[in-house]
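Worksheet: one structure, shown below.
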Amino acid sequence: MGAIQRIVQWSRVKSPWVIHFNSGACNGCDIEIVASLTPRYDLERFGVLLKGTPRHADVLLASGPVTRQIEDRLLRIYEQMAEPKFVVAVGTCACTGGVFQGLYNVKGGIDRILPVSAYIPGCPVTPNAIIDGVVKLLASLENPPKKASAG
Amino acid sequence: MPDFGNVQIPVGPQHPALKEPESFLITLRGEKITAASVRMGYNHRGVEKGAEGRTYTQDIYLVERICGICSHSHGTAFIQAVEEIAGLDVPRRAKYIRMLVGELERVHSHLLWLGVAGHEIGFDTLLMYSWRDREVVMDLLAAVSGNRVHYSMNTVGGVRRDVDSALAETILKGVDRLEEQTKYYIQVCSEETTVIKRLSGVGVVTHEDALRLLVVGPTARASGVARDIRKDDPYLAYDELDFKIVTSDHCDVYGRTLVRLGELMESYSMIRQIVKNMPDGPITVKAPRKIPAGEALSRYEAPRGEDVHYVKANGTEKPERVKVRAPTLANLQAVSHMLRDNNLADMPIVIAAIDPCFSCTDRAVEIDRADSGPRDRMDWGRLRAHGIDFYRSRGVDFTELNRSLTRRMKKL
Ligand code: SF4
């Protein structure tokens, strides 16, 4: 790894920018994502910054099952993100479809549509679990396991 | 200056000002909004149909997950209808516990709203403060129900967990702390010139329009419509509590802020009454697995307004039909009215002021009227190809660059 790449890698791990997208969630996971950014939990102390546009983000925090209407949008948002990019499935719905499995307008978990790097289950996920998940993802970027597939 | 006529701007479904996927089509003349329309359905999952295929007990958990913010409201509204059909006499203690969770939920929802409203007007300090204090009520909810967000306290015929005296003490202490903080927010919102100036006269709905557009909840009460299901059609044991309906005649976003803050204070006093007067006795009655045929309509004053559930039973263990009318659906009609003649910059706070909850609302499916004229919609594939061709025809081609970048990144 050259010096430049090392700097890029260092800044990516120390300050990942995230975007949050609700692809049909019940809001439970979304308010917990916001809660994890506010004073009690304060995800920002790990350098995580919430961004408004996918073009600025490294990590997509996706919550909720994928509904038929949102599917194209989710894909579009993912394609707008710059490489390398990571998707974190937040909540049981995002992991598998959860309680909404089998409903006619629900496609299932996020991994039906996008490659997912980390799954954080829970209905809703507690902010502690979100922090744990994000920190683990960052650690795996720093010391990638042998056969990790990034993005 | 040249007149550019009307300009249409799509906002959403992914937009920093929207917390949920919903899309608005805003028509602008200069800075002023001349028309706005809403496109829903991004959050439509098909909960109503799904509820028909599951048993009543399973449905409690499904219905709760219509919305994570007013989860107890949906759960209770649904279960009230089921209990009415089954003719169950729910113990008074269970009713009190349901009210307790209901009011705690209102507190958490209003504090959440206060923070979001602060964020939308660029007052992020308020967001951080109110969300810090909101953690107090989240802790109480977690202590009462075992979960921070989906409480799942209800079961057919009562509640699943009891409240003991030690917990009652904790609740009273937490409420004292919250009350103190809320007084501070009331002071901030009634003295800070920035807040008053930013919110006054924005998103106006006059008293007459509020009645005409049938808005509900704090949005209606801020236009002087004293309508509250807890008073008008008391459910649970609200007729045993002493509280008043908070209204305001500001008719704008500022009024909606004052109403919500006032309701917080009312809720604290209600929680105290509930905890102090909690009757003894069992918390559930035995419920049959199969619910006899019949139908019922149940109304519940959710934090955002009147929530209506309709349940039709056919004598089996699964309902035949469940219909939900969430409060945001009633208020959404008024949003395009509120937005008209406001500045584009006011759009986020006007939308936020009804405290929209689209996951609640998205029960509808769009029906295209055959006579509404042709619509040119590109699907994702066509749009993508169009974008690439557009740039290629102008001599810009990113294909090679993209490939080499991806290759290099993969090596990292
Ligand atoms: S996992 Fe639970 S809380 Fe999260 S979006 Fe799904 S239903 Fe809501």
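Dividing the summed -39500 (n - 2.57) terms of all DSSP H runs of n ≥ 4 by the residue count of the protein assembly as shown sets its mean residue ellipticity at 222 nm at -14500 deg cm²/dmol.
Note on residue B:139/residue B:240: beta-carbon distance plugged into 1/(1 + (r/R0)^6) with R0 of 35 Å gives a FRET efficiency of 0.80.
A Förster radius of 30 Å combined with the Cβ-Cβ distance from residue A:8 to residue A:111 puts the calculated FRET efficiency at roughly 0.65.
Chain A against chain B buries an accessible area of about 3800 Å², both chains summed, 1.4 Å probe radius.
Using label points projected 7 Å from each Cα along Cα→Cβ, tell me how many nm separate residue A:135 and residue B:61, to one decimal. That separation, rounded to one decimal, is 3.0 nm. Residue separation of residue B:383 and residue B:232 scaled by 0.36 nm, minus their Cα-Cα distance, works out to 49.2 nm of gained length. Per-residue Karplus couplings for the stretch B:192-205, computed as 6.51 cos²θ - 1.76 cosθ + 1.60 with θ equal to phi - 60°, are listed in order as 5, 4, 4, 5, 4, 5, 5, 9, 6, x, 9, x, 6, 10 Hz, Gly and Pro entered as x. Relative to its Kirkwood radius, the Cα radius of gyration of the protein assembly as shown gives an Rg/Rh of 0.98. With contacts taken as Cα pairs under 8 Å and at least 6 residues apart, the stretch B:85-201 reaches a relative contact order of 23 percent. Against the main long axis of the alpha-carbon atoms of chain B, helix B:253-276 sits at an angle near 20°.
Packing here is the average count of other Cβ atoms within 10 Å per residue, and on that basis the peptides B:80-92, A:115-127, highest first, run A:115-127, B:80-92. Sorting B:129, B:42 on solvent-accessible area from highest to lowest, probe radius 1.4 Å, gives B:129, B:42. The relative contact order of the stretch A:19-142 comes to 28 percent, based on Cα pairs under 8 Å that sit 6 or more residues apart. On full extension, the segment bounded by residue B:405 and residue B:265 gains 44.7 nm, given 0.36 nm per residue less the C-alpha separation. Each part gets one Cα centre, and for the stretch B:113-178 versus the stretch A:85-113 those centres are 27 Å apart. Here the label points at residue B:84 and residue B:214, each 7 Å from Cα along the C-beta direction, are separated by 1.7 nm in the simple model.
What is the antiparallel percent of DSSP beta bridges lying wholly in chain A, to the nearest 5? Of all bridge pairs located within chain A, approximately 10 percent are antiparallel.
Of B:395, B:122, B:174, the residue with the greatest mean-square motion in the GNM of chain B, using alpha carbon springs below 10 Å, is B:395.
Between residue B:276 and residue A:51, what's the calculated FRET efficiency when r is the beta-carbon distance and R0 is 51 Å? Round to 0.05. For residue B:276 and residue A:51, the calculated efficiency is 0.60.
The overall shape of chain A, judged from the alpha-carbon gyration tensor, is prolate: a/c is not under 1.5, and a/b is greater than b/c. Which entries of B:244/B:290; B:231/B:323; B:19/B:312; B:49/B:244 show an alpha-carbon separation above 31 angstrom in the structure shown? Violating the 31 Å Cα-Cα cut-off are B:244/B:290; B:19/B:312; B:49/B:244.
For chain B, modelled as a GNM whose springs connect Cα atoms under 10 angstrom apart, the maximal fluctuation among B:387, B:305, B:115 occurs at B:387. Taking a ≥ b ≥ c as the square roots of the Cα gyration tensor eigenvalues, with a/c under 1.5 meaning rounded and otherwise prolate when a/b beats b/c, else oblate, which class fits the stretch B:160-208? Verdict is oblate for the stretch B:160-208. For residue B:32, a cut-off of 20 angstrom between C-alpha atoms picks up these aspartates and glutamates, skipping any fewer than 8 places away in its own chain: B:3, B:120, B:252, B:341, B:346.
Remark: the Cα gyration tensor places the stretch B:166-282 in the oblate category, a/c being 1.5 or greater and a/b not exceeding b/c. Under 5 Å from the amide H of residue B:245 lies no amide H of any residue 5 or more positions distant or on a separate chain, with H modelled from the backbone and absent for Pro and chain starts. Annotation: extensible slack from residue B:124 through residue B:49 equals 23.0 nm (criterion: 0.36 nm per residue apart, minus Cα-Cα distance). Couplings for the stretch B:327-344, taken from phi via the Karplus curve 6.51 cos²θ - 1.76 cosθ + 1.60 with θ = phi - 60°, read x, 5, 4, 5, 7, 5, 4, 7, 5, 5, 5, 5, 6, 4, 6, 9, 6, 4 Hz in order; Gly and Pro are left as x.
The values are calculated or read from the model by the stated rules, or taken from the named source; none is laboratory data. None of these values were measured; they are calculated from a predicted model. Note that we place each Cβ from the backbone using ideal geometry, even for glycine, and neighbour counts take in every protein chain shown. Side chains included, ligands, DNA and RNA excluded: accessible areas come from the protein's heavy atoms. Shrake-Rupley method; radii C 1.70, N 1.55, O 1.52, S 1.80 Å.
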